[in-house]
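Read through the structure below, which is laid out as structure tokens, and then see the notes.
The values are calculated or read from the model by the stated rules, or taken from the named source; none is laboratory data. Everything numeric in this text was worked out from a predicted model, so none of it was measured. Note that each Cβ is placed from the backbone with ideal geometry, even for glycine, and that neighbours are counted across all protein chains shown. All accessible areas refer to the heavy atoms of the entire protein, side chains included, with ligands and DNA or RNA removed. Shrake-Rupley method; radii C 1.70, N 1.55, O 1.52, S 1.80 Å.
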Amino acid sequence: MRIVKSESGYLFNQRLERQGALAIIVKNYAMQWSSLLSSQRVGAKKSSAGVFRSAFEQDYDRIIFSHPFRRLQDKTQVHPLPEHDFVHTRLTHSLEVSSVGRSLGKKVGEAILQRHSDLSDYSAFDFGAIVAAASLAHDLGNPPFGHSGEDGISDFFVHQPVGQAFKSLVSEAEWADLIQFEGNAQGFRILNKNQYQGLQLTYATLGAFTKYPCPSKMEGRDKKKKSQKKYGFFQTEKELFAEVATHLELHQSGEQAWSRHPLAFLVEAADDICYNVIDLEDGCRLGLVSFEDTVELLAGILKESFDRDKLDQIPSQDEKIGVLRALAIGRLIDECTTVFLDNEVAILNNTFDQALADHCKSAKALNAITNLSIEKIYRARHVVEIESAGYEVLPGLLEEFTKAGKFKVEGKLPKKYENLYRLLPPEIRAGIEAAPDSHYLMLRNIIDFVSGMTDRHAISLYRKIKGISLS
């Protein structure tokens with residue numbers, strides 16, 4: 001019996017018999033690492049590699065020097081508009097997730113290379129660089145004010161008359177995009193939008209970035225599968241993601257839906273590790289969680305490695321938490337690596353579709369951290385108060401700018417809205433004017449503008465256009 005690959009990408013089981021060759025299509029074919037690690041760039045005809053930097057290291061550098069990445073320094077992680085310099089923003093969170101992602105990628109890569117002799121052209125550093133780059137970009141699409149910002153954008157179209165009026169002007173699939181804004185899909189759009197075409201990332205990094213390789217409107221969505229819990233691309237990028245998936249030879253799970261790139265599981269694990277452990281650390285330093293509770297929760301991850309006597313020898317409380325945090329992250333990296341490697345075959349066959357952190361030995365301890373964080377950190381008064389502004393500010397901006405955009409598309413721009421339209425950046429206006437008859441593309445560009453703002457910029461512009469402040 002031998003296995004060959006058809007032009008369609010499916011694998012065939014061929015059994016040579018006396019009467020002839022019998023071919024049976026195996027639908028759940030295994031993905032191949034040699035395709036998944038493609039260094040070819042979107043829009044390029046051949047693979048990209050430098051003398052001093054691999055193509056994947058170039059991806060990392062392109063992201064870190066990009067304007068959208070820089071804006072993360074003033075976007076809410078958990079504690080909005082922090083006054084304390086030790087509280088994490090989206091920027092510091094993204095850098096930490098990338099660091100953890102690199103470690104996960106390298107540890108997994110070392111084992112994969114030992115298992116697959118045909119990958120001699122790759123190194124563990126390539127695995128680490130892909131996961132690090134995708135992790136660095138994982139929050140690029142998040143709007144101001146954290147998750148309340150996502151809800152505020154969605155609610156504008158669901159509940160506000162100005163937003164609801166667009167339903168009849170767009171397709172059913174486009175409307176699904178608008179009523180459930182998704183930061184992951186916005187991130188994929190940013191990485192591939194014309195105004196940022198200098199990024200032009202590799203197929204491997206784009207695949208690892210996309211945790212939810214499916215559209216917003218999807219028949220038969222199975223939310224038990226982690227990859228289908230949300231969605232990863234808008235209608236504007238559906239053909240581009242199909243190109244990425246085809247090039248990487250991802251398994252197609254349905255119309256416009258695919259399996260995850262295996263390294264996307266590591267990007268997700270890096271994020272899960274960081275926000276659980278580091279949000280707890282921030283909560284302790286802000287006095288929202290007691291020191292003893294924090295120690296107990298982190299000790300639940302360290303288990304037999306936790307040494308109270310050694311901890312007591314550290315003089316500073318912040319240093320004690322810092323040491324425990326570092327040890328806990330190291331333990332979780334090892335545990336998630338083990339889960340991935342134990343399930344490598346199932347991942348490549350698209351039969352494993354769960355978060356690695358949910359199956360690691362410390363899953364119960366992580367769940368305890370999540371429950372306490374919801375109660376004492378994410379519902380803290382100062383968090384709720386300022387996040388509530390997101391429900392007012394972002395819909396308020398969308399109301400004014402989408403009115404101006406609608407008038408522009410329909411060719412009748414009153415003086416007031418002409419001035420508002422001019423407040424849009426040139427690249428946003430160009431995006432609207434490139435498709436003068438499309439309400440959806442107009443909305444997509446205006447959402448690009450609003451969701452791309454920093455927290456402070458959104459508040460400042462809202463106050464100005466509402467006449468609250470002219471300074």
Contour minus Cα-Cα distance for ARG70 and ALA368 (0.36 nm per residue): 104.0 nm
Rounded to the nearest 10 Å², the accessible area of ARG456 at probe 1.4 Å: 130
Cut-off of 10 Å, at most 14 other beta carbons, DSSP loop: longest stretch of the chain lacking such GluC sites (Glu not before Pro): 256-409
Table column - 3J(HN,Hα) (Hz), the stretch 102-110, Karplus curve with 6.51, -1.76, 1.60, x for Gly and Pro: 4, 4, 4, x, 5, 5, 5, x, 4
Centroid-to-centroid separation of the stretch 122-176 and the stretch 413-471 [C-alpha atoms, Å]: 18
Residue-count net charge about ASP74 - beta-carbon cut-off 12 Å; Lys, Arg +1, Asp, Glu -1: +4
Which labelled figure in [x] 0.98; [y] 1.50; [z] 1.04 is Cα Rg over 2.2 N^0.38 Å, once derived from the coordinates: [z]
Size of charge dipole - the stretch 344-444 - debye, nearest 20, with Cβ of Lys, Arg +1 and Asp, Glu -1, no other charges: 320
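As an exercise, identify the trypsin sites (Lys or Arg not before Pro) in the stretch 185-232 lying in DSSP coil whose Cβ has no more than 13 other Cβ atoms within 10 Å.
On the way: sites: ARG189, LYS193, LYS211, LYS217, ARG221, LYS223, LYS224, LYS225, LYS226, LYS229, LYS230; in loops: LYS193, LYS211, LYS217, ARG221, LYS223, LYS224, LYS225, LYS229, LYS230.
Within the stretch 185-232, the qualifying trypsin sites (Lys or Arg not before Pro) (loop, at most 13 other Cβ atoms within 10 Å) are LYS223, LYS224.
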Calculated FRET efficiency for the pair SER99/THR246, C-beta based, R₀ 45 Å, to 0.05: 0.90
In Å², nearest 10: area of HIS359 left accessible to a 1.4 Å probe: 100
Long-range HN-HN contacts of SER253 with modeled amide H, under 5 Å: TRP258, SER259
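Please label the shape of the stretch 136-176 as rounded, prolate or oblate, based on the square roots a ≥ b ≥ c of the eigenvalues of the alpha-carbon gyration tensor (a/c under 1.5 means rounded; beyond that, a/b larger than b/c means prolate, else oblate). Before the final figure, lay out each step's value.
Details: a/c = 4.00, a/b = 1.75, b/c = 2.28.
Judged from the Cα gyration tensor, the stretch 136-176 comes out oblate (a/c at least 1.5, b/c at or above a/b).
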Around GLY467: net Lys/Arg minus Asp/Glu count, Cβ-Cβ under 13 Å: +3
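Run the numbers for LYS167 and ASP318: contour at 0.36 nm per residue of separation, minus the present Cα-Cα distance, in nm.
Details: separation 151, 0.36 × 151 = 54.36 nm, distance 5.15 nm.
So the extension gain works out to 49.2 nm.
How large a share of the accessible area of the stretch 124-275, in percent, is made up of carbon and sulfur atoms when the probe is 1.4 Å and the other protein chains stay in place? Write down the numbers at each step before the final one.
Working: 2220 of 4850 Å².
Carbon and sulfur together cover 46 percent of it.
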Gain in span if fully extended, LYS310 to ASP118, counting 0.36 nm per residue against the direct Cα distance: 64.5 nm
Cβ-Cβ FRET estimate between PHE291 and LYS464, R0 fixed at 56 Å, reported to 0.05: 0.85
Of GLN228, GLN256, GLN186, farthest towards positive along the dipole that unit charges on Lys, Arg, Asp, Glu beta carbons give the stretch 182-264: GLN228
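Within the chain, which is the longest segment that contains none of the chymotrypsin sites (Phe, Trp or Tyr not before Pro) sitting in a DSSP loop with at most 15 other Cβ atoms within 10 Å? Walk me through the numbers before you get to the answer.
Details: sites that count: TYR10, PHE52, PHE65, PHE86.
In the chain, the maximal stretch lacking such sites is 87-471.
Which net charge results for the neighbourhood of HIS457, defined as the other residues with beta-carbon distances under 12 angstrom from its beta-carbon, given Lys and Arg at +1 and Asp and Glu at -1? Please list the in-between numbers first.
On the way: positive: ARG71, LYS75, ARG456, ARG463, LYS464; negative: ASP74, ASP455.
Summing Lys and Arg as +1 and Asp and Glu as -1 gives +3.
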Three-way shape call for the stretch 347-437 based on the alpha-carbon gyration tensor, with the a/c threshold at 1.5: oblate
Charge dipole magnitude, Cβ of K and R +1, D and E -1 - the chain, Cα centre, debye nearest 20: 1160
